[in-house]
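The values are calculated or read from the model by the stated rules, or taken from the named source; none is laboratory data. As the structure is a computational prediction, the values presented were derived from the model and not from experiment. Methodologically, a virtual Cβ is constructed for each residue, glycine included, from the backbone with ideal geometry; neighbour enumeration extends over all protein chains shown.
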């Protein structure tokens, strides 16, 4: 049994869980994008992207909760810096910043932690992350569909 058989057997729920766990980790990242890429070649890439995007968006609440929980200690130590970040969030639109970080390989855990520290509305945070993660994972899944043969040509058995 190879990795493709395992991925196909767990299906959409499996990719949801892998993405959820991958986005929940902050210190030890899990390369969930590789699973989305491979699964996009096996299953419907749009559905793979949707399930992975939802899982990843939910997983990003780990950073948000960390920021919210450590808010008092962080603000006490870095009060001036946090105030500057909060002003930048307001000036440049936190929603757009969160969405861009979520839709790219930029370290979006940082935006989650900051959003928690400044008590950015949780619903707005989730919506911004969801939009970004859906875009990212749908692109990765379609890249898997169209690029898996090229990858296997160079790295296959």
What residue, of 26, 82, 100, 30, is without any contact (Cβ under 8 Å) to a residue 24 or more places away in the chain and farther than 16 Å from residue 141 by Cβ?
30
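Taking residue 74 as the residue in question, decide whether it is in contact (Cβ under 8 Å) with a residue 40 or more places away in the chain, in a helix (DSSP H, G or I), more than 18 Å from residue 12 (Cβ to Cβ) and out of contact with any strand residue (DSSP E or B) (no Cβ under 6 Å at 6 or more places or on another chain).
On the way: in contact (Cβ under 8 Å) with a residue 40 or more places away in the chain: yes; in a helix (DSSP H, G or I): yes; more than 18 Å from residue 12 (Cβ to Cβ): yes; out of contact with any strand residue (DSSP E or B) (no Cβ under 6 Å at 6 or more places or on another chain): yes.
So residue 74 fits the description; yes.
In this structure, is residue 7 crowded, with 18+ Cβ neighbours inside 10 Å, in contact with a helix residue (DSSP H, G or I) (Cβ under 9 Å, 6 or more places away or on another chain) and either modelled with pLDDT under 90 or part of a helix (DSSP H, G or I) (or both)? Steps first, answer last, please.
On the way: crowded, with 18+ Cβ neighbours inside 10 Å: yes; in contact with a helix residue (DSSP H, G or I) (Cβ under 9 Å, 6 or more places away or on another chain): yes; either modelled with pLDDT under 90 or part of a helix (DSSP H, G or I) (or both): yes.
Criteria met by residue 7.
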It is to be established whether one or more residues within the stretch 34-48 are in contact (Cβ under 8 Å) with a residue 40 or more places away in the chain, in a loop (DSSP other than H, G, I, E, B), within 14 Å of the chain's Cα centre (by Cα) and closer than 23 Å to residue 141 by Cα.
no
Determine if the stretch 52-71 includes at least one residue that is part of a loop (DSSP other than H, G, I, E, B) and either at pLDDT 90 or above or touching a strand residue (DSSP E or B) at 6+ places or on another chain (Cβ under 7 Å) (or both).
yes
Name the single residue, out of those in the stretch 23-33 being at pLDDT 90 or above and within 19 Å of residue 113 (Cα to Cα), that is farthest from the chain's Cα centre (by Cα).
24
